[in-house]
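Okay, structure first, notes after.
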Ligand SMILES: NC(=O)c1ccc[n+]([C@@H]2O[C@H](COP(=O)([O-])OP(=O)(O)OC[C@H]3O[C@@H](n4cnc5c(N)ncnc54)[C@H](OP(=O)(O)O)[C@@H]3O)[C@@H](O)[C@H]2O)c1
């Protein structure tokens, strides 16, 4: 999957405009990244990549790029 | 003079707009100044509704909600459809889900397929449409979502399990959606009519033949049968700023159901 498509999916899970999200953004600086979007992210990984992420792995994600790294089949 | 139910410049999406309550709601909203997007199954009937709308810039899209079930292609179609509706950064100010089907079937003959069909048109589509509506790119803050439920959700009739359950599901879901949309001050409510003179009611009378359905239903309510326009007015109220304090409610324009 292209990085562009990944960013699009992430924008969708956080209900952001695609242009408001970039790989270098720090998650704690994104107002929309909260416990609810974290749940949506987990669901999206499952739906799109058939993948389960552990709470520990998710906690270690600090940036949008870290989330994108998780988005592999 | 002030009109508290003024809808001018509001952009409203209505399902079930080809007939009955949805059609009356589309007309009434357009009369109050709204631009409306009509949805239904039947293109010809949608065109007919569109012709009756005062003002310009109204649009319509035909879609059969039964195709939503277990079909991710159709789900993507819905998000594309919202893309078309909101093209040019035009966001919606309201969504009214009037699409619905009745179903009379004793439990012993109620197949899972039939139950799915009724749930798809009456309830799943409401949730899928609402989910898409609530994306920030599709709707304005402070806007309004309405599900057309039924008195039968709380005053059930035998042999209508699928219908009753689909409407009770809607009543139950609405407060949850209201809480989840509160941050954007989007209001989410149900309207639960009693007996309304529409095609659906005429079909029911046919299904309950020999049982004097019309007369029986009339006696169920102090005011007897309601007209589609009576429900349309309550929709307009919930879409307008006059109802700013209403969320997570079920409004009951049922003429005093007893
Ligand atoms: N009439 C009553 O006494 C009464 C009482 C309480 C609640 N309600 C509720 O009010 C709502 C409107 O009912 P109504 O009386 O106005 O009925 P109606 O005249 O039969 O209209 C039903 C509408 O739903 C649409 N629809 C049906 N199946 C669909 C599908 N598979 N996909 C997409 N759209 C579909 C129809 O589109 P097409 O015309 O294109 O097929 C039509 O526009 C319903 O939810 C009903 O349960 C009605």
Legend entry - Search result, residues across the stretch B:31-43 that are surrounded by 24 or more Cβ atoms within 10 Å (Cβ to Cβ) and away from the ligand (no atom under 14 Å from the Cβ): B:34
Inset, instruction - Kindly list, by first and then second residue, each pair from a residue in the stretch B:105-124 that is in contact (Cβ under 8 Å) with a residue 40 or more places away in the chain to a residue that is part of a helix (DSSP H, G or I) and away from the ligand (no atom under 14 Å from the Cβ), limited to pairs with Cβ atoms under 7 Å and residues at least 6 apart or on different chains. - result: B:107/B:161; B:110/B:161
Inset, instruction - Only one of these is under 23 Å from residue B:229 (Cβ atoms), away from every other protein chain (no Cβ under 14 Å), within 15 Å of the ligand (Cβ to nearest atom) and assigned to a loop (DSSP other than H, G, I, E, B): B:156, B:193. Name it. - result: B:193
Legend entry - Residue that is surrounded by the fewest Cβ atoms within 10 Å (Cβ to Cβ), among those in the stretch B:132-147 that are in contact with a helix residue (DSSP H, G or I) (Cβ under 6 Å, 6 or more places away or on another chain) and within 12 Å of another protein chain (Cβ to nearest Cβ): B:138
Inset, instruction - Report, by residue number, each residue of the stretch B:44-69 that is more than 10 Å from the ligand (Cβ to nearest atom) and in contact with a strand residue (DSSP E or B) (Cβ under 6 Å, 6 or more places away or on another chain). - result: B:50, B:57, B:58, B:59, B:60, B:61
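Listed residues B:223, B:246, B:213; which is away from chain A (no Cβ under 14 Å) and more than 16 Å from the ligand (Cβ to nearest atom)?
Details: B:223 fails: more than 16 Å from the ligand (Cβ to nearest atom); B:213 fails: more than 16 Å from the ligand (Cβ to nearest atom).
From the options B:223, B:246, B:213, the qualifying one is B:246.
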Inset, instruction - Restrict the check to the stretch B:2-11 and report whether at least one residue is surrounded by fewer than 20 Cβ atoms within 10 Å (Cβ to Cβ), away from the ligand (no atom under 16 Å from the Cβ), modelled with pLDDT under 95 and part of a helix (DSSP H, G or I). - result: no
Legend entry - Of the criteria (1) within 14 Å of another protein chain (Cβ to nearest Cβ); (2) within 15 Å of the ligand (Cβ to nearest atom), which one residue B:91 fails: (2)
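Only one of B:162, B:202, B:232 is more than 14 Å from every other protein chain (Cβ to nearest Cβ), without any contact (Cβ under 8 Å) to a residue 12 or more places away in the chain and within 13 Å of the ligand (Cβ to nearest atom). Can you tell me which?
Values: B:162 fails: without any contact (Cβ under 8 Å) to a residue 12 or more places away in the chain; B:232 fails: without any contact (Cβ under 8 Å) to a residue 12 or more places away in the chain.
That would be B:202, the only listed residue that is more than 14 Å from every other protein chain (Cβ to nearest Cβ), without any contact (Cβ under 8 Å) to a residue 12 or more places away in the chain and within 13 Å of the ligand (Cβ to nearest atom).
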Legend entry - Count of residues meeting criterion [in a helix (DSSP H, G or I) and either within 14 Å of another protein chain (Cβ to nearest Cβ) or touching a strand residue (DSSP E or B) at 6+ places or on another chain (Cβ under 8 Å) (or both)] in the stretch A:11-38: 11
Inset, instruction - Scan the stretch B:130-152 for residues that are in contact with a strand residue (DSSP E or B) (Cβ under 6 Å, 6 or more places away or on another chain), within 11 Å of the ligand (Cβ to nearest atom) and assigned to a helix (DSSP H, G or I) and jot them down. - result: B:151
Legend entry - Single unsatisfied condition, residue B:203 versus (1) modelled with pLDDT under 95; (2) touching a strand residue (DSSP E or B) at 6+ places or on another chain (Cβ under 8 Å): (2)
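The values are calculated or read from the model by the stated rules, or taken from the named source; none is laboratory data. All values derive from a computational prediction rather than experimental measurement. Note that we place each Cβ from the backbone using ideal geometry, even for glycine, and neighbour counts take in every protein chain shown.
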